[in-house]
Amino acid sequence: MRKTVQRYYPLFPVFAAYFILFLVGKNVSGMWQLVSTLLFYCALGQAFNIFLGMTGYVDFGYVAFMGVGTYGMAIAITRLAHVEALGVLIVAIGFAMALVMAALLSVAVGAVALRLRGAYFAIATIGVNEGFRFLIEGAKIWNGSDGMIFTAQLNQILGRETASALSTFWADVIVLIIAVLAAFVTLFYMKSKIGYALTALREDEDAAVVMGINVTKYKIIAFITSASFAGLVGATSWALKTPYVFPPEVFEIHYTIEAIIIVLLGGAGTLLGPVAGALIYGISKYYLSIFLPGFQLLIFAPIIIIIIILFPEGVIGMLKKSFRDSTLMRFII
Amino acid sequence: MVLLRLENVTKRFGGLVAVNRVSLKINSGEFVGIVGPNGSGKTTLFNLISGVYFPDKGDVFFEGKNITRLPPYKRAPLGLGRTFQIPRPFGSATVRENVAVGAMFGSLGGKINVDESLELADQIIERIGLGEHRKKRASTLTAVEKKMMEIARALAMKPKLLLMDEAMAGMHPKDIDQTVSLIKQIAVEENIAIVAMVEHIMRAVLGMAEKVIVLHQGSKLVDAPTKEALEDSRVVEVYLGRPLEE
């Protein structure tokens with residue numbers, strides 16, 4: 001029993017960070033905007049880390065899963081809004097749709113692309129995002145490039161006030177919950193055979209295969225899990241918070257890049273890393289854009305390069321290495 | 001009892017016949033040395049047995065079951081373990097975690113959980129003499145320690161057949177003797193058949209192999225009890241050249 005509890009110690013610092021974020025946002029006036037962005041980055045990093053961090057494979061098409069999740073929620077709301085009996089359940093159905101659609105897309109992409117190794121996988125996935133966007137626009141699926149606007153339907157389902165509270169506050173709380181769930185799943189994987197298999201294949205795929213690990217299976221598990229969380233984040237941050245969706249806005253590779261930076265900055269494959277990465281990235285981006293608007297990327301790029309050179313294993317990776325044997329490390333993995 | 005059987009196995013790489021119609025039998029619990037100079041096809045033979053390559057012709061049987069086209073990850077659970085010539089540790093993981101991976105996905109696979117695997121790993125690490133390095137990252141070990149860790153990792157798979165690829169190259173002769181006797185001891189206790197590939201360290205084979213298979217240019221040259229094989233004139237020729245006519 002004690003062992004089981006100890007196993008979950010590393011969640012404390014993660015949840016503590018989330019709790020502090022929440023308190024600051026709630027109590028310091030004018031901070032919720034920043035906190036909302038940070039929570040989004042935390043959830044995004046934590047979700048992406050399950051794949052990028054644990055397998056070492058870089059998916060440049062990751063944002064497609066968020067985009068599809070956004071559409072899942074949008075479709076549920078627009079198609080079901082007239083069924084009054086469902087009420088708030090429609091949002092729940094939307095989450096289910098987002099989850100299923102993102103998972104299905106990841107199975108389709110994974111079945112093909114995960115047969116490729118390393119850089120070849122990365123190159124193959126670049127096409128997924130753009131391809132999916134052009135498919136929607138070109139084949140006029142889900143209204144094509146006209147997108148979907150469902151502010152009215154959301155107001156109708158939830159009532160104007162609740163819908164507005166959802167977009168300014170509750171959507172962010174849901175994002176926080178998704179981040180918490182993703183942290184849980186990450187730790188659960190780390191402590192189970194899945195985590196050991198993923199570590200082995202990340203370090204040496206050929207040796208892992210000879211040792212009896214079905215690497216394709218474990219890569220797909222990580223891929224689907226990671227994609228499903230991305231779908232949920234999209235459904236919340238991009239559909240519930242702002243009730244419209246346009247293909248160029250959600251299938252935007254910029255978000256994939258941000259997710260990669262967050263995971264690498266904090267420490268790929270660590271539990272606390274994505275949180276640290278999200279905070280460093282989110283806070284510096286926010287203040288740079290206030291104090292030096294227009295120059296933030298110019299300043300940001302070298303900072304990221306320096307951090308990556310100084311701490312190739314990320315901030316948390318470096319901490320782990322330097323304080324290996326201290327008791328504190330029981331809480332940081 | 002025959003554990004592993006190869007029947008007329010051939011593997012080509014382009015025009016090069018790396019392994020040419022090789023047939024052999026390994027009995028359970030047997031200790032066999034595979035000997036041959038550089039390029040004689042030893043590593044290819046190992047890769048055919050562990051499933052890294054599939055043969056162009058011929059069949060591979062393990063415990064009577066045809067495994068010729070079975071992917072490597074399905075062979076390990078049957079009881080087939082191997083070490084690599086150049087150690088391939090999972091660098092960021094600790095020694096303990098490395099060895100535990102062997103326990104988790106080897107022949108105990110479905111029957112063992114993570115905690116039990118870690119316990120088993122601890123026992124094996126202790127036995128193999130890496131106890132003090134248990135919590136170190138594998139990437140920080142010395143070359144010899146990495147080799148020992150690989151052996152531990154393979155033993156944790158609880159194999160019926162262990163393929164050892166030059167496992168002791170680069171070790172001090174004294175360490176070799178110790179390691180060999182330790183492995184032999186464990187192999188006898190757990191009834192593990194060992195096929196050790198040897199290029200340079202004849203000492204290691206002579207010490208314990210019951211049988212020696214000599215490969216030359218992809219073909220089997222000699223398959224005989226150790227002493228007999230090493231005295232065979234063809235083997236002497238392959239290794240040392242023809243004696244000068246006086």
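The values are calculated or read from the model by the stated rules, or taken from the named source; none is laboratory data. Values in this document were obtained by computation on a predicted structure and should not be read as measured data. Glycine also receives a Cβ, built like all others from the backbone with ideal geometry; neighbour counts cover every protein chain displayed.
Quickly run through segment A:124-145 and pick out the residues that are free of Cβ contacts under 8 Å to residues at least 40 places away in the same chain and either part of a helix (DSSP H, G or I) or of a type outside the set (Lys, Arg) (or both).
Of everything in segment A:124-145, those that are free of Cβ contacts under 8 Å to residues at least 40 places away in the same chain and either part of a helix (DSSP H, G or I) or of a type outside the set (Lys, Arg) (or both) turn out to be A:124, A:131, A:134, A:135, A:138, A:139, A:141, A:143.
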Within segment A:48-96, the residues that are within 17 Å of the chain's Cα centre (by Cα), of a type in the set (A, V, I, L, M) and surrounded by 24 or more Cβ atoms within 10 Å (Cβ to Cβ) are A:50, A:52, A:54, A:63, A:64, A:66, A:68, A:73
Exercise. Can we say residue A:216 is within 14 Å of chain B (Cβ to nearest Cβ), farther than 24 Å from residue A:7 by Cβ, of a type outside the set (Phe, Trp, Tyr) and touching a residue at least 60 places away in the same chain (Cβ under 8 Å)?
Worked result: yes
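Between A:68, A:91, A:58, which is outside any helix (DSSP H, G or I), in contact (Cβ under 8 Å) with a residue 12 or more places away in the chain and in contact with a helix residue (DSSP H, G or I) (Cβ under 8 Å, 6 or more places away or on another chain)?
A:58
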Log entry, pairs with first residue in segment A:96-113 being free of Cβ contacts under 8 Å to residues at least 12 places away in the same chain, second being among the aromatic types (Phe, Trp, Tyr) and buried (at least 19 other Cβ atoms within 10 Å of the Cβ), beta carbons closer than 6 Å, six or more apart or on different chains, reads none
Checked pairs for segment A:241-267, first in contact (Cβ under 8 Å) with a residue 24 or more places away in the chain and among the polar types (S, T, N, Q), second part of a loop (DSSP other than H, G, I, E, B) and surrounded by fewer than 22 Cβ atoms within 10 Å (Cβ to Cβ), C-beta under 7 Å and 6 or more apart or across chains, list as A:256/A:60
Within segment B:53-67, restricting to residues that are crowded, with 17+ Cβ neighbours inside 10 Å and at negative phi, the one that is farthest from the other protein chains (Cβ to nearest Cβ) is B:55
Of the candidates A:188, A:184, A:223, the one satisfying the condition of being over 28 Å from residue B:162 (Cα atoms), within 14 Å of chain B (Cβ to nearest Cβ) and assigned to a helix (DSSP H, G or I) is A:188
Checked segment B:135-168 for anything surrounded by fewer than 17 Cβ atoms within 10 Å (Cβ to Cβ) and either within 12 Å of chain A (Cβ to nearest Cβ) or at pLDDT below 90 (or both); matches are B:135, B:136, B:139, B:140, B:143, B:144
Being polar (S, T, N, Q) and surrounded by 19 or more Cβ atoms within 10 Å (Cβ to Cβ) narrows A:186, A:242 down to just A:186
Per the filter on segment B:96-131, residues under 23 Å from residue A:268 (Cβ atoms), within 20 Å of the chain's Cα centre (by Cα) and β-branched (Val, Ile, Thr) are B:101
Going through segment A:116-142 in order, the residues found to be more than 22 Å from residue A:220 (Cα to Cα), in contact with a Gly (Cβ under 8 Å, 6 or more places away or on another chain) and not aliphatic (A, V, I, L, M) are A:133, A:137, A:138
Condition set facing chain A (nearest Cβ under 8 Å) and charged (D, E, K, R), scope segment B:76-105, selection nearest to residue B:119 (Cα to Cα): answer is B:97
Screening B:8, B:38 for residues that are in contact with a Lys or Arg (Cβ under 7 Å, 6 or more places away or on another chain) and more than 28 Å from residue A:214 (Cβ to Cβ) leaves only B:8
Expected single match for over 25 Å from residue A:98 (Cβ atoms), out of contact with any strand residue (DSSP E or B) (no Cβ under 6 Å at 6 or more places or on another chain) and buried (at least 19 other Cβ atoms within 10 Å of the Cβ) among A:278, A:268 is A:268
Filter segment A:1-26 for residues that are of a type in the set (Ser, Thr, Tyr) and in a helix (DSSP H, G or I); the one that is farthest from the other protein chains (Cβ to nearest Cβ) is A:18
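Can you give me the number of residues within segment B:106-134 that are within 11 Å of chain A (Cβ to nearest Cβ) and of a type in the set (Asp, Glu)?
Number satisfying all stated conditions: 1.
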